[in-house]
1. Run the simple label-point estimate for residue 12 and residue 70 please: 7 Å along Cα→C-beta, distance reported in nm.
2. Please identify every one of the GluC sites (Glu not before Pro) in region 1-84 that sits in a loop by DSSP and has no more than 10 other beta carbons within 10 Å of its own beta carbon.
3. Measure off 7 Å from each Cα along the Cα-to-Cβ vector at residue 49 and residue 3, then give the distance between these two points in nanometres to one decimal.
4. Of all trypsin sites (Lys or Arg not before Pro) in region 49-81, which ones are in loop regions per DSSP and have a Cβ with at most 14 other Cβ atoms within 10 Å?
Amino acid sequence: MEFRPRHPQPFSLEVAEQLSVPEITGEIARLQNSLKHLQSTQTELEPYISGSERDQDLVNAYEENGQTIASQEERITMLRFALERKGASYAANPHYQLPDATARQEPTASSAPTAPPTVPDQEAEDANGLYL
């Protein structure tokens, strides 16, 4: 399968395949963080661009952010393809996928907090090896 980007990208799929798995996953994490901030900015800009007194600079920023978001989402997809071609078994892991719209919503007050993971006691750790 051939990957053809719809947006300008700083590198090709072939170049991405030459990166190490840690470099690819690190770039995916960086892009996911960037997307989180861009989407937050978009949410903040929406009230100012939809009113009758639209500020053209804000409209331009909103549109530019939209293009950047689309490009970065496509880049994450390209990097996931590179992971899969390298045979990384965890390339399909949801951690490396684009968040869907429901995942971007803030938690509600009614959602119950989850308990932190438990750490085995020292005796169990000695018997079973090192706990990671």
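Please treat every number below as a calculation from the coordinates, not as lab data. Keep in mind it's a predicted model, so treat the numbers as computed, not measured. Cβ atoms come from the backbone with ideal geometry, glycine included; neighbour counts cover every protein chain shown.
1. In this crude spin-label approximation the distance works out to 2.3 nm.
2. 2, 53
3. 2.7
4. Numbers: sites: 54, 75, 80; in loops: 54.
In loop regions of region 49-81 (DSSP not H, G, I, E or B), the sparsely surrounded trypsin sites (Lys or Arg not before Pro) are 54.
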